Each structure stands twice: as structure tokens, then as C-alpha cells.
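Asker: Input: one structure, supplied below.
The values are calculated or read from the model by the stated rules, or taken from the named source; none is laboratory data. As the structure is a computational prediction, the values presented were derived from the model and not from experiment. Cβ sites come from the backbone with ideal geometry, for glycine too, and all protein chains shown count toward neighbours.
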Amino acid sequence: MLLKREYARTLLFLALFVYAPSAAQSVEYEGADFNTDTGEEDHIELSLQSFETDDNTPTNAAEPMTTTISTTQLLNNFEVTNNFDDARPQLRNIKSMDEKCLESYCYNFHYDKLDEVAFFDIKTEVRINKEDTTYDIVNARNYDTLIFENSTFARFPLHLFYAVSIKELDMRNCSIEVLTWECFLMAQNLRILLLSNNRLQVITDSTFKYASNLQYLFLDSNRLLQLDSDSFDGLTSLRYLDMSNNRLTQLPKGLFAELTALEELRLDNNRIHTLNNQLFSNNVNLLILSMRDNQLKHIDDHTFRRQSKFIILDIGNNPELRTLVLMLQLQNLIAANCALTRVNIYGSVRNVDLSYNQIQELYFAQPEILRTLTLRNNSLEQVASLTRATELQVLDLCDNPNLRTLPTPWLAGALKRLNLGNCGLQQLPIETIAAQPELSFLNVSYNQLRDINPQNFKYLEKLRNFDIRGNDWNCYNLNILMDMLLKPQNIAYGHDVMDSEFPGEYINDIACMYRIEDTEEVEDVGTTTNVQLNSIANTVGALAQLQKYPEHELESLRRELKAIVGIYEQKFDRAFQQIEDLNARLRVFENINATLFQHVTITV
């Protein structure tokens, strides 16, 4: 038993010793516990009920003597006569839970003043045997779960765990502001404690010391500003701790030192700035740490060096975090939407999400461990450290417009999904792609590609999605690509948004322009014509780029283009006229040749 119960029993023995000589009659002792607000009195009753001795009854035939006493009442009387703190909140006794509690639910308890505290003063029946002076105390009623609804407690109630023996206590949304260690006396059976959505600001030292078997603690959505280094002392069995949605700015050294069984820690949406090397040194069983939406500026290199079982580290949405250099063994790292420019990972990581940063420098000491890597929307210019990522299956490099190409040689051959959308590609990195027999998804949309040789894809038998939208396709090559690769193998390729003012064509919903990429010079008159045609074709090709401009810029450009198009229409007319002249001259030569052969006689 805990110290509190032993103390109560000691007082009980003292009371029985004092009253034993007069136990032949019923004595009622009345003590006053005054209610300062209402003027009512809560009486402390001590009732000793004995059996009268009959003269005919043998002296050795002992009848049992029954004594009914409130163990907590003696304690209250002790507090009344030994009041060392006049500012201590007034006790508001709760003598029965029957009226407001039904099975596992309790309703309509309202103690919303800080100068009062609810005190569960449930009477305990004591039975004493007259001969051997033994006694039995009826155990508190047992609940697996106790839930308070529509209730308010400015201070966490006292003596609750004397009144009931529970494993799970749910006091969410109870407006609790004060929590002290006295609240958890006799709470050794408590396993789950839910204190979410209250008004707690401080957790003082050793608050949960007497709830030593607690495994799940929910303190999320409070107003926590401060924690002591000893706030969680004694919680050696705690596996889950949630303090998300609070106002914490720092985590004191040694805060988690005694939480050796901790597996999951949630600190999302706070204001924490740094993580130091010693903070988690004792939490070797930590599996999940989530610190999204904080104000992290720095994480020490060896903060997670001892977490060999680490599964998830989520530090996303920390807009002030610029550098990430870590030594760790981890399965899933999430650091999306920060301000990272440099990432160096020493150790092993399987799945990494670094999207929506400003990364320019990227290094993995063991790239062969990587399985998925998301680098969407960064400032990458090269990914040389990934050439040895031999087991990489998913690589997302979308929206890195300065990347332009992939390094060669690329040793990885296990890719299943490759996203190269909007990477500034002018040529497809065909050496890398052709060496991926497991590739099923390939995105090269919104680049500057003009043509692709379908023969380079003959080994990609598992390719089922090939996104080619938003490029500068040559219609000649696009037709070949459709007929030789995409349609025969039923590969999905996406579609461009139709633009009525686009100067080119749409082949199977993909925009393209007809271009003559390589032209031969025609002697004499043909030379000038070809030069003009190439100039016109290149100019019209440049017009295709306008479809990528935002709408607010297009209007002014369109007016300028109308004038340019008018000029080139005139050039087209002159070019066609020169072609007609050339055809006319060729017809003259044909007529001369025909006439000449009619008048030539060959003599052998």
C-alpha cells in the first residue's frame, strides 16, 4: 500500500485505541468542516457500534464488534486542526458518486473556482473483531474506465483514486488548470490518463510519481508553457506521451530521462527552438517522434544517436530550420516544408521526404539503404550522391528547374517510379531510364523535350504511365512516339489543356509543332527559300513557349505577336512566291529535256 493509506490506517488505530474503553455504547463524534461559501457544515462521523454483554453469556463466547468509520474523515479532522497554509483551497467533499455516475460515466460535477477543490470523501466500512482486534476495509469500487462528461474541475480532484480503482481515466474538456502530485495518491492501477483540451500551464516536478504504472498520457491541446526537468519522474512504464498543441518553447535537460519505456512522443504545434544531444539519450526504445509545426532552428548532430529502433521522425513545417546534419538509424524521415538548404545524413535512412525546401547540397552516407526519396520543389542542380542508390524504388525530383539532367553512370536499377516533371530537361537522360527494367511510372512533363526515340524504351516492359504533357514536341516525332510506343502498349500519357490560340496542333490531346529540324541547302534560288523557311519555323516554335506563360502576361504579348505574325505572313507569301518561281523554272527545264530527247538520234 502507498504511504497515504498507511497513514490513514495508523490514525484509525489511534482512534480505536482512544475510544476502546467506551466501546460498550455508541458514540457519535461530530466535527465541523465549514463551507465558507454556503455556511453549511459537513459532519465527520465516527460510529462505534458494539454488542451489549449479557450476564448469561459466557465470557469466552466473543461476539463480533462492528465499527463503521470514515477513514478520510479523520484525515480531514487532522487537516482542520493542523492548517499550516491559510491560502490552501477549500475542500468540497463528494460523499457519493451514485447520483452523478452511471457505470463508467460521470456527469455534471462543477468545481470551477481555483479556491476550491473537489475531495472524494467516500465512506469506507470497517469491521473489527472484538477478540483479536482485526479489521477489514471494503475495497474501492473497480472500474476499467471512468469518463467525466459535462464536468469542470479548476483543480484536479483529490482522493479520486481512493474512491475508485480505475485503469483508464478520461477527463478531457474539464477546464483543469492545476495538477499536483497529491492528486495521484493511490493511482498505482492507472494505465491511461487523458487530460486533453484543458487549461494546464505548468507540470511541476514529480506530478505523476504515484501513478508509476501509467502507460499512456495525453496532455495535448492545453496551455503548457513550462516543464520542470523532473515533471515526469517515476513514469518508468510510460509508452506514449502527447504534448502537441501547447505553447512550449524549450525542453529542459533530463525531462525524458526516466521515460525508459517511451515509444511514441508527440510535440507537434509548439514553439520549440532546439534539440540537444542529451535530450533523448535514455530513450533507447523510442519509435516515433513528431515535431511538426514548431520553430526549430537547430538540431544537434547526435541528438538521435542512441535510437536504434527509430521508425518515424517528423520535423516538417519548421520554417526556420536551414541545415540538417544528423547521425541516426531511421526508417522514415519527414522534413518537408522547411527552409533547408543543406542536408547531410550520416547513418541509414530508408524513406525520406524533403519536399518544398531550398536544398542545394544533398548527401547520404549510405544511399544503398534508400527505398523512397521525395525531393519535389527544391533548388537542386545535381544529385550525384544518388548514383549508388542501388535499391531506390521511388524518386521524385519534380519542380527542380535547375537540375537539367541526371548523373551518369547511374548504378541504381530498381526504380519503379521516377518523376522528372519541370526539371529543365532538354534531352531525356536515356542512359539512366533505359537501365530501369522495373520502371512503371515516368513523368517528364513540363520540360523542353522535342523528340524521343521509341527504340530506347524497348526494355521497359512494365511501363504503364508516361506523362509527356507540356513539352515542345515536334509533331513528326510525336506521331512516331504514339504509333510505336504509347498506343501499342496501352501506356497512359496525360493530355494538355486545349488552347484555341495555340499556333500548333494537338495530336491525341498533346500539343506539338511541325518542325524541320535538319534541312539541306538548295543551290541557287533554293538556298534563300530554305533559310527563310527555317527562320519562320523557329519563330513559330518559339511562339509555342507562350502557352507556359501566366494569363496576366499573355494579353500584352498577344498584341505584340499579332504584329509579328503579320510580318511573317508577308514573308510566307514571298517564300511561297519564290517556290512557285522555282517550280516554273523547273518546268521549263523539263520541257527542254523532253524536246531535246525527241530530236536526238543515236547511231552505233
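Asker: Restricting the search to the range 490-512, which residues are among the small types (Gly, Ala, Ser) and surrounded by 14 or more Cβ atoms within 10 Å (Cβ to Cβ)? Please lay out each step first, then the result.
Answerer: We begin by selecting, within the range 490-512, every residue among the small types (Gly, Ala, Ser); these are 492, 494, 500, 504, 511.
If the condition is that a residue be among the small types (Gly, Ala, Ser) and surrounded by 14 or more Cβ atoms within 10 Å (Cβ to Cβ), then GLY494, GLY504, ALA511 are the ones that fit.
Asker: Oh, and also: Would you say GLN278 is surrounded by fewer than 22 Cβ atoms within 10 Å (Cβ to Cβ) and at pLDDT below 95? Break it down stepwise before answering.
Answerer: Values: surrounded by fewer than 22 Cβ atoms within 10 Å (Cβ to Cβ): yes; at pLDDT below 95: yes.
So GLN278 fits the description; yes.
Asker: Follow-up question, since we're still on this one. Here is a check on your reading of the model: is LEU321 out of contact with any Lys or Arg (no Cβ under 6 Å at 6 or more places or on another chain), farther than 16 Å from ASN400 by Cβ, part of a loop (DSSP other than H, G, I, E, B) and hydrophobic (A, V, I, L, M, F, W, C)? Step through it out loud before you land on a result.
Answerer: On the way: out of contact with any Lys or Arg (no Cβ under 6 Å at 6 or more places or on another chain): yes; farther than 16 Å from ASN400 by Cβ: yes; part of a loop (DSSP other than H, G, I, E, B): yes; hydrophobic (A, V, I, L, M, F, W, C): yes.
Yes.
Asker: Of all residues in the range 109-148 being in contact with a His (Cβ under 9 Å, 6 or more places away or on another chain) and not in a strand (DSSP E or B), which is modelled with the highest pLDDT?
Answerer: ASP121
Asker: Here is a check on your reading of the model: is LEU296 closer than 14 Å to ILE203 by Cα and buried (at least 17 other Cβ atoms within 10 Å of the Cβ)? Give the derivation first.
Answerer: Numbers: closer than 14 Å to ILE203 by Cα: no; buried (at least 17 other Cβ atoms within 10 Å of the Cβ): yes.
Here the answer is no, as LEU296 does not meet what is asked.
Asker: Another question, then. Among the residues of the range 189-198, are any within 11 Å of LEU235 (Cβ to Cβ) and part of a strand (DSSP E or B)?
Answerer: yes
Asker: Let me ask something else. Looking at the range 432-489, which of the residues that are closer than 15 Å to LYS416 by Cα and of a type in the set (Asp, Glu) is surrounded by the most Cβ atoms within 10 Å (Cβ to Cβ)? Write out each step before concluding.
Answerer: Pass one, the range 432-489, residues closer than 15 Å to LYS416 by Cα: 432-444, 457, 459-467.
Still in the list and also of a type in the set (Asp, Glu): 438, 461, 467.
Values: GLU438: 14, GLU461: 11, ASP467: 19.
The residue in question is ASP467.
Asker: Let me ask another. So which pairs qualify, if the first residue must be in the range 202-217 and in contact (Cβ under 8 Å) with a residue 24 or more places away in the chain and surrounded by 21 or more Cβ atoms within 10 Å (Cβ to Cβ), the second must be β-branched (Val, Ile, Thr) and outside any strand (DSSP E or B), the Cβ gap must be under 9 Å, and the two must be at least 6 apart or on different chains?
Answerer: As it stands, the answer is THR207/THR180, since those pairs meet every condition given.
Asker: Further question on the same structure: Of a type outside the set (Gly, Ala, Ser) and farther than 26 Å from ASN318 by Cα: which single residue out of THR249, THR207 fits that description? I'd like the intermediate steps shown before the answer.
Answerer: Details: THR249 fails: farther than 26 Å from ASN318 by Cα.
One residue alone meets the criteria, THR207.
Asker: Let me ask something else. For ASN222, only one of the following conditions fails: (1) surrounded by 17 or more Cβ atoms within 10 Å (Cβ to Cβ); (2) more than 23 Å from the chain's Cα centre (by Cα); (3) of a type outside the set (A, V, I, L, M, F, W, C). What is its number?
Answerer: Among (1) surrounded by 17 or more Cβ atoms within 10 Å (Cβ to Cβ); (2) more than 23 Å from the chain's Cα centre (by Cα); (3) of a type outside the set (A, V, I, L, M, F, W, C), ASN222 violates only (2).
Asker: Kindly check whether there is at least one residue in the range 313-329 that is closer than 29 Å to ASN213 by Cα and either charged (D, E, K, R) or modelled with pLDDT under 95 (or both).
Answerer: Within the range 313-329, the first condition is being closer than 29 Å to ASN213 by Cα, and the residues that meet it are 313-314.
Narrowing further to those that are either charged (D, E, K, R) or modelled with pLDDT under 95 (or both): 314.
For the range 313-329, residues closer than 29 Å to ASN213 by Cα and either charged (D, E, K, R) or modelled with pLDDT under 95 (or both): present.
Asker: Just one of (1) part of a loop (DSSP other than H, G, I, E, B); (2) under 18 Å from the mean Cα position of the chain (by Cα) trips up LYS309, so point out which.
Answerer: All conditions are met except number (2).
Asker: Since GLN436 meets every condition but one in (1) under 34 Å from the mean Cα position of the chain (by Cα); (2) over 28 Å from ASN378 (Cβ atoms); (3) polar (S, T, N, Q), which condition does it not meet?
Answerer: (2)
Asker: Taking only the range 199-234 into account, find how many residues are in a loop (DSSP other than H, G, I, E, B) and either closer than 21 Å to THR145 by Cβ or not small (Gly, Ala, Ser) (or both).
Answerer: The first filter runs over the range 199-234 and keeps only residues in a loop (DSSP other than H, G, I, E, B), leaving 199-201, 204-215, 219-225, 228-234.
Among the residues that remain, those that are also either closer than 21 Å to THR145 by Cβ or not small (Gly, Ala, Ser) (or both) are: 199-201, 204-205, 207-215, 219-225, 228, 230, 232-233.
Total meeting the criteria: 25.
Asker: While we're on this one: Taking the options LEU380, LEU411, LEU395, name whichever one is farther than 17 Å from GLN448 by Cβ, more than 29 Å from the chain's Cα centre (by Cα) and of a type outside the set (Lys, Arg).
Answerer: Details: LEU380 fails: more than 29 Å from the chain's Cα centre (by Cα); LEU395 fails: more than 29 Å from the chain's Cα centre (by Cα).
The conditions single out LEU411.
Asker: Continuing with this model, one more query. For the range 65-108, give me each residue that is of a type in the set (A, V, I, L, M, F, W, C) and either modelled with pLDDT under 50 or farther than 19 Å from MET171 by Cα (or both). Give the steps one after another, and end with the answer.
Answerer: At the first step, the residues of the range 65-108 found to be of a type in the set (A, V, I, L, M, F, W, C) are 65, 69, 74-75, 78, 80, 84, 87, 91, 94, 97, 101-102, 106.
If the condition is that a residue be of a type in the set (A, V, I, L, M, F, W, C) and either modelled with pLDDT under 50 or farther than 19 Å from MET171 by Cα (or both), then MET65, ILE69, LEU74, LEU75, PHE78, VAL80, PHE84, ALA87, LEU91 are the ones that fit.
Asker: From the set of residues in the range 332-356 that are hydrophobic (A, V, I, L, M, F, W, C) and in a loop (DSSP other than H, G, I, E, B), which is farthest from LYS309 (Cα to Cα)?
Answerer: Let us first name the residues in the range 332-356 that are hydrophobic (A, V, I, L, M, F, W, C), namely 333-336, 338-340, 343, 345, 349, 352, 354.
Applying the additional criterion that residues be in a loop (DSSP other than H, G, I, E, B) yields 335-336, 338-340, 354.
On the way: ALA335: 19, ALA336: 22, CYS338: 25, ALA339: 28, LEU340: 26, LEU354: 22 Å.
Among them, the one singled out is ALA339.
Asker: Only one of these conditions is not met by ASP228: (1) farther than 17 Å from LEU296 by Cα; (2) modelled with pLDDT of 95 or more. Which number is it?
Answerer: (2)
Asker: Residues of the range 149-188 being among the aromatic types (Phe, Trp, Tyr), free of Cβ contacts under 8 Å to residues at least 60 places away in the same chain, in contact with a helix residue (DSSP H, G or I) (Cβ under 8 Å, 6 or more places away or on another chain) and not in a loop (DSSP other than H, G, I, E, B), which ones?
Answerer: First pass over the range 149-188, keeping only residues among the aromatic types (Phe, Trp, Tyr): 153, 156, 161-162, 181, 184.
Narrowing further to those that are free of Cβ contacts under 8 Å to residues at least 60 places away in the same chain: 153, 156, 161, 181, 184.
Going one step further and asking which of them are in contact with a helix residue (DSSP H, G or I) (Cβ under 8 Å, 6 or more places away or on another chain), we end up with 156, 161, 184.
The answer is PHE161, PHE184.
Asker: Sticking with this one: Can you work out which of the residues in the range 371-394 that are without any contact (Cβ under 8 Å) to a residue 24 or more places away in the chain, touching a helix residue (DSSP H, G or I) at 6+ places or on another chain (Cβ under 8 Å) and outside any helix (DSSP H, G or I) is farthest from ARG322 (Cα to Cα)?
Answerer: Among those that are without any contact (Cβ under 8 Å) to a residue 24 or more places away in the chain, touching a helix residue (DSSP H, G or I) at 6+ places or on another chain (Cβ under 8 Å) and outside any helix (DSSP H, G or I), it is GLU391.
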